[in-house]
Amino acid sequence: MTGFNTIFTHQQLAATTLQAVQLVSPVVIASNVLANLHVLRCLETEGNVHTLDQTFFSNCMYAVTHSTGRGAVQFDRAKDVKLTESLDLYLQQLPQGHQPPERPTYIKDVSPATSYLLLL
């Protein structure tokens, strides 16, 4: 029995938790890569980094994902020109035909929590 199965003994809760992890993990990884790239670009070009808060990490998450479902919101490239420049560099490094991770609207409550975890 794994540690996960020891903690999550209720099968439905375990299945839901695993589904959430599988959905959020690619989003967190892609968001972190963009955030790191952006911070490095800022340090190299400006010598400083602007505030790295929940809004910043949420924007990174929106930028690297494709939202689906009713009321889906996409990244507004005009709102943050510097992050958009970093996003363009990020996208150039991806393999041809790469599909961004999906961010279904039903995980809207998970996304802010995830962006907060990126701060830690």
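The values are calculated or read from the model by the stated rules, or taken from the named source; none is laboratory data. Keep in mind that what you see is a predicted model, and the values were worked out from it rather than measured. A quick note on method: Cβ atoms are made from the backbone with ideal geometry, for glycine too, and the neighbour counts reach across all protein chains shown. SASA here: full protein model, heavy atoms, side chains in, ligands and nucleic acids out. Shrake-Rupley method; radii C 1.70, N 1.55, O 1.52, S 1.80 Å.
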- Checklist (1) touching a residue at least 12 places away in the same chain (Cβ under 8 Å); (2) assigned to a helix (DSSP H, G or I); (3) within 14 Å of the chain's Cα centre (by Cα) applied to C42, failing item: (3)
- Query: Residues in the stretch 45-91 that are open to solvent by less than 50 Å² (accessible area, probe 1.4 Å), of a type outside the set (S, T, Y), assigned to a loop (DSSP other than H, G, I, E, B) and within 21 Å of P26 (Cα to Cα): how many?
  - Reply: 2
- Query: Out of S25, S31, which single residue is exposed (fewer than 13 other Cβ atoms within 10 Å of the Cβ), of a type in the set (S, T, N, Q) and within 10 Å of P101 (Cβ to Cβ)?
  - Reply: S25
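Going by what's in this entry, would T16 be described as in a helix (DSSP H, G or I) and at pLDDT below 85? Steps first, please.
Working: in a helix (DSSP H, G or I): yes; at pLDDT below 85: yes.
So T16 fits the description; yes.
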- Message: Of the conditions (1) under 14 Å from the mean Cα position of the chain (by Cα); (2) more than 30 Å from F8 (Cα to Cα); (3) among the hydrophobic types (A, V, I, L, M, F, W, C), V27 satisfies every one except a single condition; which number is it?
- Response: (2)
